[in-house]
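Student: Dropping a structure here in C-alpha cells format, bear with me for questions.
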Amino acid sequence: MERPKIEELAKGIFWIGGRERPRDMSREALEETFRKAKEKGLDIVGVSAFRGRVSTGEDAEERALFPTEHFPVDDEARGRNLLKEQVEIAHGHGLLVLTYLNAHHYGDRFYERHREWAQVFPDGRPMDKLYGRGYTMCVNTSYRDRMFRMIREVARQGVDLIFLDGPAYYPGCCYCSYCRGKFRERYGEEIPMKEDWRDPLWRKFVRFRYESIRDFLVDAHRVLKEEGFKTWIYSNTSGQTWPVWSFALSPEDLWEGEDIIGMESYQYYARPEDVPVWLYGWTTKFGRSVKKDKPFFLFLSGAHENWTKYSVPDAEMRMAIAQGIANGVNILEDRPQAGEFIDFTRRWRNALKDLESLANVALVWSKRTGDYAYEEVVRGPLEAQAGQAGEEVEEAFQTGDYFEASQVQRFKREGERRFVEEVRGFYEALIRLHVPFDLLGDSSLTPEGLSRYDLLILPDVECMGEGAVEAIRDFVGDGGGLVASYRTSLRDEFGDERKDFGLKDVLGVGYLGGTLGPLRWDYMRVKGGHPVVEGVPEFCRFPGDDLLACPEYCLKVEARDGEVLGVQLEPQPARYWGETPETSYPTIVARRYGGGVVYFPGNFGAQYWAQGFLDYLRTIGNALRWASRGEPPVAVEGPEALEVTAYRGREGLVVFLVNYQYSVRRPFREVVSIGEVKVSLKVPHRPDRVVRMTTGQDIPFFYEGGLVRFVVPNLGLYEGVLVQP
Ligand SMILES: [Zn+2]
C-alpha cells in the first residue's frame, strides 16, 4: 500500500498514533495494530526503537530493539530485528513510521556512567532536579556523539520520522567546561556567573544557549544527510506561550535544524483557571506563522499536568483538537477523543490542504522581548490584582531552587509576566471581538511579512531591530494601521536600550524616561470626540467626570504629533481619596501617519487581562476599526466566547468557529451550545454552495455585493463551513 509522501505533511492535516507504541511484538499483533491504525485513518504510527527507563534510573542505558554494537540489545531482540519488523509491517499497511528518542531526561544510573555529560550550575554542581529529580545532558559535550549514533542507527532501520524529546537547556545552566570553552571561542570572554539583564554579556549567554541547541540539531541533520538517509528529524520547541529563554527552545532560533516545527500545548502547567482556554490556538497560530514551508506539529497532552497518570475530561481534549484544526495545524497526535476529528479531516482532506489565512490583522508575540525586555518597576500589592495568570507556569517547570533571589531577577520575572499579560489581553480582545487574526513572531516584521495585513498590533514589543522598525514605518507610511502599547521599540533586538522609541516618528510621541506606577486605584480622564473613545467610559460612576480606571503602569511620554484622547491623573495616596489633578502624561494617543496609529503609553492590554474592564475592550475595538485600512474578511454575530478563523483553500473558502462557552470552570465536561451564529463573508463572486462540514449538509445563503451571508444553527464545540466557488 502506498504511503503518504513526507513532503505532503506541510500541506494538510495528518494524524499519528501519539505515544502509543506496540508492546506485543509478535508478527500477528503488529499486523493487527497497524491494520487497525490504517482503518482508523492514521497516516503515521509510532514504533519503539528502544526499551528501558533511563529517566527514572531503573535502567542505566536504553536497550535497542535492533542489532547494534553501540547500545545494549533487549533480550527479545536477540535473533530478531524488532524495529525493522515494525517498520516493514507499518510500511506494508501504507503508514509512515515515527520513533521517539528521549534526549533530555536521565536518572541516577545513567548519570553515574556519564558524569562528564551532565549540565552544571555555576558552582559546578550537576543539575539534578529535572521534573523534581533527574539530570539533563549538555549538547556541547560528547553526549552529542552518543545521540548522533542513536539517530543514525535508528534511521538505518528505515524509520521515517525521529522525534527527539529535547534537548533543552535548564534554568541556570550550563557551566560545563565544554560550554565555557565554546563560549570563550565564540564571544572572546568568560560566561558571566550571574544572571544580570543589564549586562550585554549575559544576554550573549542567553543567545549562546539557543545557538548551542541549534548547532546540535543542525549537526544531527548533517549526520543523516551525509549518509543518504531520508529520515526527518525534529524536536520539541515548546508551546511559546511564555518567554522561553530559560530553556533555550524556540522554533525561530532552531528552525534551521528542524524538518518539522513541533510545539507542545499542554492543557495545564498551572492552575486550570489560570490557563486561557484558547491557548492551543495561540500555539497553533504562532506555529503556523514561524514554520515557513515546513510542517507544523501540535503536541497535546491528555494529562492533567503535573499529574501525568491523571487525565483531563474528554471535552477538554476535544477543545484542544478543535482549536488545532481551526488554527491551521498540519499534524496532530491521535488521542482517544480524536475519532470524530479524524473522520472530519479525512472527509475534507482536500479542502483542508494548503489553507492560507485570510486574516487582515496581525498580533505580534515577540520572543526577543520575552528574552531581553527589562524594566525596574515593582508590581502593585495583591489587593490591586485580580489575575495572577501565568505565575505558576514558570514555577511548575522550575522545580529547583536555581536562582538566587535578587532584585534584578525579580524585575525580570515581573517584566515577563507584564509582557505576557499585555499580549494575552489583546489576544483575548480579538477573540471576543470576533476578529480573525494571525500571531506573528519577530521574524515576520519585514516588508514582505507585513504586506498582506491591514492592521498590526504591537503589544509592548520592547525589543526590535532597525530592520523591523523600518518595515513597520513603511507599512504604516503606506496606509497600514498600527496599534501599539507600552515600551514598544525602546530596545533593539539584542536588548540594548534606545534613548527614545525606535518608532517615535510613527507613534508621534517622545519618551521622557521612567514609569509612573504601580497605580493601584488610579484613573485617566478620557477626552471625548474621537472615534477611538466613542462610548467610553461606559462605567464611570459619575458620568460627567469621564474617568476611566488606568493601567497599572504609565510610561512617561509626551505627545509630539497626535491627538491626546486620555490623560493620566496624579496617583492617589489611597483608595478613598478625592479627585487628583491631571498630569502631563497622555494615556491614549491617536494620529495619522499614512495609516491610523493608536498608541497606549500604559500596559493597557495587561490591565485588560487582569481586570477585564469592558471599556478597554470597547476602546480596543474602536482602535482597530479606526486604524485599520480594511475590513476583516468575515463578520459573525453570536456570543462573545466564540473564535472565528478564515482561510482560502483548494476547494474554496473555509470558515471555522470554535465555541468557548463552557460551564462554570475548568476542567469542564461540556461546552454550552450556541443557538445560532450569523456569518457574513467576503467572496469574489456568488458561491455555488455553502456546506456545513461536520454534517456535510448544504446551508442556505444570500449573496449580495461581494458578501455571502448564512446562519450556522446549533453550534456545538466547533464547525467548519466550506464556501465553494
Ligand atoms: Zn555544557
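The values are calculated or read from the model by the stated rules, or taken from the named source; none is laboratory data. Treat the numbers as computed from the prediction; the structure is a model and nothing was measured. As a convention, Cβ positions derive from the backbone with ideal geometry for all residues, glycine included, and neighbour counts pool all protein chains shown. Areas reflect the complete protein model, heavy atoms only, side chains present, ligands, DNA and RNA absent. Shrake-Rupley method; radii C 1.70, N 1.55, O 1.52, S 1.80 Å.
Student: Just to confirm the filter: which trypsin sites (Lys or Arg not before Pro) across segment 543-591 are DSSP coil and have at most 12 other Cβ within 10 angstrom of their Cβ? Write out the running numbers ahead of the final one.
Tutor: Numbers: sites: 556, 560, 575, 591; in loops: 560, 575.
Answer in residue order: 575.
Student: For a Förster distance of 51 Å, can you work out the FRET efficiency between the beta-carbons of residue 545 and residue 673, rounded to the nearest 0.05?
Tutor: E between residue 545 and residue 673, to the nearest 0.05, is 0.75.
Student: Taking just the alpha carbons, could you work out the radius of gyration and Dmax for segment 447-571, both in angstroms?
Tutor: Values for segment 447-571 (Cα only, Rg and Dmax): 16.0, 48 Å.
Student: Skip the ligands, DNA and RNA, and give the accessible area per residue of the chain with a 1.4 Å probe, whole Å². Don't skip to the answer; put the middle values down first.
Tutor: Working: 27860 Å² over 725 residues.
Per residue, the chain has an accessible area of 38 Å².
Student: Only four residue types carry charge here, +1 at the Cβ of Lys and Arg and -1 at the Cβ of Asp and Glu. Report the dipole size of segment 134-198 about the Cα centre in Debye, rounded to the nearest 20. Could the numbers behind the result be given before it?
Tutor: Working: 11 positive and 9 negative charges, 39 e Å.
The dipole magnitude comes to about 180 debye.
Student: Here is a follow-up. Just the number, please: carbon plus sulfur as a percent of the accessible area of segment 667-725, 1.4 Å probe, no ligands or DNA/RNA counted.
Tutor: 49
Student: Then there's this: Tell me the relative contact order for segment 362-627 as a rounded percent, counting alpha carbon contacts under 8 Å between residues six or more apart. Write down the numbers at each step before the final one.
Tutor: Working: 552 pairs, mean separation 62.2, N = 266.
Answer for segment 362-627 is 23 percent.
Student: Could you give the dipole magnitude of the chain about its Cα centre, charging the beta-carbon of Lys and Arg +1 and that of Asp and Glu -1, in debye to the nearest 20? Before the final figure, lay out the partial values.
Tutor: Numbers: 95 positive and 113 negative charges, 198 e Å.
Here the chain has a charge dipole of around 960 debye.
Student: What FRET efficiency do you get for residue 692 and residue 561 if R0 is 45 Å and r is their Cβ-Cβ distance, rounded to the nearest 0.05? If you can, show how the numbers build up before the last one.
Tutor: Numbers: r = 50 Å, r/R0 = 1.11.
Once rounded, the FRET efficiency stands at 0.35.
Student: More than 36 Å apart: what percent of Cα pairs in segment 362-627 qualify? All intermediate terms of the calculation are to be shown ahead of the outcome.
Tutor: Working: 3307 of 35245 pairs.
In whole percent, the long-distance tail amounts to 9.
Student: Further question on the same structure: Could you check how much of the accessible area of segment 269-318 is carbon and sulfur, as a whole percent, using a 1.4 Å probe? Don't jump to the answer; show the numbers that get you there.
Tutor: Working: 950 of 1920 Å².
Solvent-exposed carbon and sulfur of segment 269-318 make up 50 percent of the total.
Student: Once amide H atoms are built 1.01 Å from N in the peptide plane, which residues 5 or more positions from residue 268, or in another chain, come under 5 Å H to H?
Tutor: Under 5 Å from the amide H of residue 268 lie the amide H atoms of 305, each far enough along the sequence or on another chain.
Student: On a 0 to 90° scale, report how tilted helix 177-187 is relative to the longest principal axis of the chain, with both axes built from alpha carbons and the result rounded to the nearest 10.
Tutor: 50
Student: Okay, next question. Probe radius 1.4 Å, ligands and nucleic acids ignored: give me the carbon and sulfur share of the accessible area of segment 362-627 as a rounded percent. Spell out each step's value before the answer.
Tutor: On the way: 4640 of 9630 Å².
Reported share for carbon and sulfur atoms: 48 percent.
Student: Loop-only check: which chymotrypsin sites (Phe, Trp or Tyr not before Pro) in segment 158-244 are DSSP coil with at most 15 other Cβ within 10 angstrom? All intermediate terms of the calculation are to be shown ahead of the outcome.
Tutor: On the way: sites: 163, 169, 175, 178, 183, 187, 197, 202, 205, 208, 210, 216, 229, 232, 234; in loops: 169, 175, 197, 229.
Hits after loop and neighbour filter: nothing returned.
Student: Using only Cα atoms and rounding to the nearest 10 degrees, what angle (0 to 90) does helix 314-326 make with the longest principal axis of the chain?
Tutor: Computed tilt is about 80 degrees.
Student: For residue 583, which sequence-distant residues (separation of 5 or more, or a different chain) have an amide H within less than 5 Å of its own amide H, given hydrogens modelled in the peptide plane?
Tutor: Close amide H contacts, sequence-distant or interchain: 568, 569, 570.
Student: Which of the residue pairs 84/225; 367/504; 194/294 have a Cα-Cα distance greater than 28 Å in the structure shown? Write down the numbers at each step before the final one.
Tutor: Numbers: 84/225 20 Å; 367/504 22 Å; 194/294 37 Å.
Checking Cα-Cα distances, 194/294 exceed 28 Å.
Student: Among DSSP beta bridges whose residues both lie in the chain, state the antiparallel percentage, nearest 5.
Tutor: Numbers: 68 of 110 bridges.
Here the share of antiparallel DSSP bridges comes out near 60 percent.
Student: Taking the Cα centre of segment 433-563 as origin, work out the dipole magnitude from +1 charges on Lys and Arg Cβ and -1 charges on Asp and Glu Cβ, in debye rounded to 20.
Tutor: 500
Student: Going through the cross-link list 40/292; 11/285; 292/682, which pairs have a Cα-Cα distance over 22 Å in this structure? Present the calculation step by step, with values, prior to reporting the outcome.
Tutor: On the way: 40/292 30 Å; 11/285 15 Å; 292/682 26 Å.
Over 22 Å apart, Cα to Cα: 40/292; 292/682.
Student: Here's something else I'd like to know. Can you give the calculated 222 nm mean residue ellipticity of the chain, where each DSSP H run of n ≥ 4 adds -39,500 (n - 2.57) and the sum is split over every residue, rounded to the nearest 500 deg cm²/dmol?
Tutor: Values: 18 runs with 202 residues, N = 725.
That calculation yields -8500 deg cm²/dmol at 222 nm.
Student: Restricting the count to DSSP beta bridges whose residues both fall in segment 362-627, what percent are antiparallel, rounded to a multiple of 5? The partial results should precede the final answer.
Tutor: Values: 23 of 38 bridges.
Of all bridge pairs located within segment 362-627, approximately 60 percent are antiparallel.
Student: Any idea how far apart residue 414 and residue 115 come out in nm if each label point goes 7 Å out from Cα toward Cβ?
Tutor: Each label point lies 7 Å from its Cα, and together they span 4.2 nm.
Student: Continuing with the same structure: So how much slack lies between residue 724 and residue 108, counting 0.36 nm per residue of separation and subtracting their Cα-Cα distance, in nm? Working shown, then result.
Tutor: Details: separation 616, 0.36 × 616 = 221.76 nm, distance 5.93 nm.
Length gained between residue 724 and residue 108: 215.8 nm.
Student: Given the Cα-Cα distance of residue 198 and residue 648 and 0.36 nm per residue of separation, how much length would full extension add, in nm? It would help to have the intermediate numbers written out before the result.
Tutor: Working: separation 450, 0.36 × 450 = 162.00 nm, distance 4.59 nm.
Additional length available on full extension: 157.4 nm.
Student: Given contacts defined as C-alpha pairs under 8 Å and at least six residues apart, what's the relative contact order of the chain, whole-number percent? Mind dumping the intermediate values first?
Tutor: Numbers: 1629 pairs, mean separation 77.9, N = 725.
Answer for the chain is 11 percent.
Student: With both partners inside segment 37-145, how many of the DSSP beta bridges are antiparallel, as a percent to the nearest 5? Each step should come with its number before you reach the end.
Tutor: Working: 5 of 11 bridges.
Roughly 45 percent of the DSSP beta bridges within segment 37-145 come out antiparallel.
Student: Hey, with R₀ at 56 Å, roughly what FRET efficiency would residue 500 and residue 131 work out to, going by the Cβ-Cβ distance, to 0.05? Don't jump to the answer; show the numbers that get you there.
Tutor: On the way: r = 45 Å, r/R0 = 0.80.
With a Förster radius of 56 Å, E is 0.80.
Student: Next up: Taking every Cα atom in the chain, find the radius of gyration and the maximum pairwise distance Dmax, and write them in Å.
Tutor: When restricted to the Cα atoms of the chain, Rg and Dmax are 26.4, 87 Å.
Student: Starting from 0.36 nm per residue, how many nanometres of slack lie between residue 580 and residue 7 once their C-alpha separation is accounted for? Working shown, then result.
Tutor: Values: separation 573, 0.36 × 573 = 206.28 nm, distance 6.38 nm.
Here the answer is 199.9 nm.
Student: Could you pull out the longest piece of the chain with no exposed loop GluC sites (Glu not before Pro) in it, calling a site exposed if DSSP puts it outside H, G, I, E, B and it has at most 13 other Cβ atoms within 10 Å?
Tutor: Values: sites that count: 2, 58, 69, 189, 190, 227, 404, 538, 579, 640.
The answer is 228-403.
Student: For the chain, with the dipole built from +1 on Lys and Arg beta-carbon atoms and -1 on Asp and Glu ones, taken about the Cα centre, which of 48, 568, 449 lies farthest toward the positive end?
Tutor: Highest projection toward the positive end goes to 48.
Student: Between 0 and 90 degrees, rounded to the nearest ten: what's the tilt of helix 466-477 against the longest Cα principal axis of the chain?
Tutor: The answer is roughly 50 degrees.
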